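Please read the structure below before turning to the comments.
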Amino acid sequence: MKRRDFLISASCAALSLDSAQADTGFYSGYPDQITGWSAKHFKPQEFASKGNGYVRVRKEMIFSLDRVRSAVAHPVYITSAYRDQAHNALVGGVKHSRHLISDAVDINLRGLSAQQRHRLMWHLLAEGFTSFGSYSHIPNMLHADMRPNARIWHRGGGSHPVWFRQALTDWGWQRDRGATRRPATFRI
Ligand SMILES: [Zn+2]
């Protein structure tokens, strides 16, 4: 299967998972209430809202992140995952942020080389993450989420770092004409 086909089918799988397992497809509760947590490399606390401390995360995302963490073999630090509504508003998150929908993470890239960043993003793509954001004013942060319709953006001026762009093109993504404008868009 071509990488491009894989990405499309992964997106479709994510869509059907959302509708078929609306209640069972999430870990939810306060961190010490969550049962059946199966990730080797992460704890529920790492995904809790920085506002009310609650956790609601899509299981599929946790499984994927755990496989990414095993593949890259270095720590993957989660800055922000689930956000309750009030906290999302406080941090200026968009109204329909995937952080509310529970399939988004912001990853702290501090200390990682460009090569490690590229490799991390490549594995995120391989494990079903579809959408990514980079930020000039927060260069050590990568946003990744699993929305069905892939989207790429860059904020804060300039454009995506080379490792970011390279990970996408390795996956067969092509840059749209005029995409130097913010937010930059890519198509599959
Ligand atoms: Zn984010």
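Output yes when any residue across region 63-79 is within 14 Å of the ligand (Cβ to nearest atom) and aromatic (Phe, Trp, Tyr), and no when none is. Taking every residue of region 63-79 in turn, at least one turns out to be within 14 Å of the ligand (Cβ to nearest atom) and aromatic (Phe, Trp, Tyr).
Residue count for region 73-108 under the criterion of being buried (at least 17 other Cβ atoms within 10 Å of the Cβ) and more than 13 Å from the chain's Cα centre (by Cα): the result is 5. Quick check: is even one residue across region 104-126 within 19 Å of LYS59 (Cα to Cα) and at pLDDT below 95? Within region 104-126, one or more residues are within 19 Å of LYS59 (Cα to Cα) and at pLDDT below 95. Condition check for ASN149 on (1) modelled with pLDDT of 95 or more; (2) surrounded by fewer than 21 Cβ atoms within 10 Å (Cβ to Cβ); (3) among the polar types (S, T, N, Q): one failure, at (1). Filtering region 38-93 to residues that are touching a residue at least 24 places away in the same chain (Cβ under 8 Å), in a loop (DSSP other than H, G, I, E, B) and within 20 Å of ARG117 (Cβ to Cβ) leaves HIS41, PHE42, HIS74, VAL76, ALA81.
Restricting attention to region 125-137, the residues being within 13 Å of the ligand (Cβ to nearest atom) and either polar (S, T, N, Q) or in a helix (DSSP H, G or I) (or both) number 2.
The values are calculated or read from the model by the stated rules, or taken from the named source; none is laboratory data. Since we're looking at a predicted model, the values are computed, not measured. Glycine also receives a Cβ, built like all others from the backbone with ideal geometry; neighbour counts cover every protein chain displayed.
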